[in-house]
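The next block holds one structure in the form of C-alpha cells; read it before the comments.
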Amino acid sequence: MANSKFEYVRQFEQLDTLLPNTWIVVRIDGRGFTKFANKYAFEKPNDKRALELMNAAAKAVMAELPDITIGYGISDEYSFVLHKTCTLFERRASKLITTIVSTFTGYYIHFWPTYFPDTPLSPPLPSFDGRAVCYPSVQNLRDYMSWRQVDCHINNLYNTTFWALIQLGGLDAREAEQTLAGTLAAEKNEILFSRFKINYNNEPEMLKKGSVIFRGYELVEPGSHNVAEDVENIAEPIQQSKTQLESDRKKRVKAQITVEHLDIIKDEFWDRRPWILSNKP
Ligand code: DGT
Ligand code: MG
Ligand code: MG
Ligand code: MG
Ligand code: MG
C-alpha cells in the first residue's frame with residue numbers, strides 16, 4: 001500500500017507490552033453496580049441469578065480465549081489469569097484488557113434474559129472496567145487469588161450478618177452498622193447463630209468461596225507432586241515445538257470448562273490440578 005503523508009501519525013501509538021515471563025491477571029469489575037443492582041432489584045446481599053450470570057459470561061470468555069488458564073469471580077468482578085508463557089496479542093495490555101472486557105460484556109448482555117427472564121435490560125446498559133497486573137512468581141499469583149477469596153469471605157460474612165439484622169432482626173441500616181462495628185468474624189458467626197439460628201457454615205458455597213473457573217482434566221492424587229515448584233524453577237519460558245503448542249491448544253479448546261466453589265488458598269486445589277500452573281493439558 002502506498003504511503004500517505006498522513007501515515008506518520010502511527011508513530012504516536014505507544015507500546016504497552018506487558019513484562020515477559022510474568023503471570024498476567026486481567027480483573028474486570030462492573031461499573032456502578034451498586035446502582036445497577038438496585039435498578040434490577042438484585043436480592044440482598046447476594047442475588048444467585050446475578051452471580052450465575054457473571055459465571056456464564058466468564059465461562060464464555062474462557063471458551064473464546066483458550067490462553068486463560070483460570071478465572072475467579074465474586075460480586076461484580078472477575079479475574080482472568082493468563083499463563084506466564086502466554087504470547088497472545090504479543091502481550092499488549094490494551095488488546096488483552098479490551099478484548100476480555102468487551103467479550104465479557106457482550107456475553108453478560110447476551111445471557112441476561114436467561115437469568116432475568118422477567119426484567120428486560122434497558123439503558124444505561126451494564127458495562128465493565130478492566131485492568132492488567134503482572135505477577136512475577138507463582139507465590140505472588142496465588143497470593144493475589146487468595147486475596148480475592150479472603151475478600152469474598154470477609155464481605156460475605158459481613159453482608160450476611162448485616163442483612164440478617166435488617167431483614168430478620170428489624171434493625172435499620174444505621175443500627176445494623178453500629179451492631180457490627182469492630183466485631184470479629186467469630187462474633188458475627190455468633191450473632192447469626194444466636195439471634196437468627198443461621199449457621200454460617202451452611203451458607204451456599206458459591207457465596208462463601210466465590211466461583212473458580214478452569215478446564216477440567218483428571219485430578220491428580222493430593223500431595224504427589226508440587227507443580228508450583230517446577231513452574232517456579234523454570235527461569236526462562238521453555239521453547240516448545242510449534243506442533244506441541246498447537247496440540248496443547250487443541251486439548252485446551254476441547255476441554256470441559258467447569259465452574260466450582262472451592263478453596264483456592266490451600267495447596268490442595270493447585271496440587272490436584274497441575275495443568276493450571278504448568279499450562280500442560
Ligand atoms: P465501581 O466498581 O467503582 O464502578 O462501583 P460499584 O458500585 O460497582 O462498586 P463495587 O464494584 O466496589 O461493588 C460492587 C457493588 O455491586 C456493591 O455495591 C454490591 C453490588 N452487588 C454485586 N453483587 C450483588 C448482588 O448479588 N446483590 C446485590 N444486592 N448487590 C450486588
Ligand atoms: Mg470498583
Ligand atoms: Mg463495580
Ligand atoms: Mg466490585
Ligand atoms: Mg482491526
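Once the dipole of region 121-261 is set up with Lys and Arg at +1 and Asp and Glu at -1 on Cβ about the Cα centre, which of N189, Q178, L121 lies farthest towards its positive end?
Going by the Cα projections, it comes out as L121.
Hey, got a sec? Which trypsin sites (Lys or Arg not before Pro) in region 150-197 land in a DSSP loop and have at most 13 other Cβ atoms within 10 Å? Let's see the in-between values first.
Details: sites: R174, K188, R195, K197; in loops: K197.
Answer in residue order: K197.
State to the nearest 20 debye the size of the charge dipole of region 42-190 about its Cα centre, where the only charges are +1 on K and R beta carbons and -1 on D and E beta carbons. Show your work: numbers first, answer last.
On the way: 13 positive and 17 negative charges, 125 e Å.
My answer is approximately 600 debye.
May I ask you to evaluate 6.51 cos²θ - 1.76 cosθ + 1.60, the Karplus curve with θ = phi - 60°, for each residue of region 166-174 and list the ³J(HN,Hα) values in order in whole Hz, giving x for glycine and proline?
Here the 3J(HN,Hα) series is 7, 6, 9, x, x, 6, 8, 4, 5 Hz.
PRE reach from R249 (point 7 Å along Cα→Cβ): which of region 262-281 fall under 17 Å by backbone N?
In region 262-281, the label zone of R249 (backbone N under 17 Å from the point 7 Å along Cα→Cβ) covers 279-281.
How high is the FRET efficiency from W147 to N21, r the C-beta distance, R0 25 Å, rounded to 0.05?
Numbers: r = 22 Å, r/R0 = 0.88.
Efficiency at R0 = 25 Å is approximately 0.70.
Which part of region 118-148 falls in the paramagnetic zone of E232, meaning amide N under 13 Å from the point 7 Å along Cα-to-beta-carbon?
From region 118-148, the list is 136-143.
Using a 10 Å Cβ count of at most 13 others and DSSP loop calls, identify the longest part of the chain lacking such GluC sites (Glu not before Pro).
Working: sites that count: E13, E43, E218.
Looking at the chain, 44-217 is the longest stretch - no exposed GluC sites (Glu not before Pro) with at most 13 other Cβ atoms within 10 Å.
Hey, can you find the accessible area per residue of the chain for me, probe 1.4 Å, expressed in square angstrom?
Values: 15840 Å² over 281 residues.
Here the per-residue accessible area is 56 Å².
Round to a whole angstrom and tell me the spacing of the C-alpha centers of region 4-51 and region 246-281.
24 Å
Leaving ligands and nucleic acids out of the surface, order V101, V81 by accessible area at 1.4 Å, largest first.
Details: V101 20, V81 0 Å².
Greatest to least solvent exposure: V101, V81.
Sequence gap at least 6, Cα distance under 8 Å: using those rules, report the relative contact order of the chain to the nearest whole percent.
Numbers: 358 pairs, mean separation 66.8, N = 281.
That works out to 24 percent.
Could you give the dipole magnitude of the chain about its Cα centre, charging the beta-carbon of Lys and Arg +1 and that of Asp and Glu -1, in debye to the nearest 20? Please list the in-between numbers first.
On the way: 34 positive and 36 negative charges, 152 e Å.
Here the chain has a charge dipole of around 740 debye.
Under a point spin-label approximation (7 Å from Cα along Cα-to-Cβ), what is the E260-V220 distance to one decimal in nm?
Each label point is offset 7 Å from its Cα along the Cβ direction, giving 1.4 nm.
With all protein chains present, how much of the accessible area of the chain (probe radius 1.4 Å) comes from carbon and sulfur, to the nearest whole percent?
Values: 8570 of 15840 Å².
Accessible surface attributable to carbon and sulfur in the chain totals 54 percent.
The values are calculated or read from the model by the stated rules, or taken from the named source; none is laboratory data. Only a predicted model underlies this, so the values are computations on that prediction, with no experimental measurement involved. All Cβ positions, even for glycine, are placed from backbone atoms using ideal geometry, and neighbour counts span all protein chains on display. Areas reflect the complete protein model, heavy atoms only, side chains present, ligands, DNA and RNA absent. Shrake-Rupley method; radii C 1.70, N 1.55, O 1.52, S 1.80 Å.
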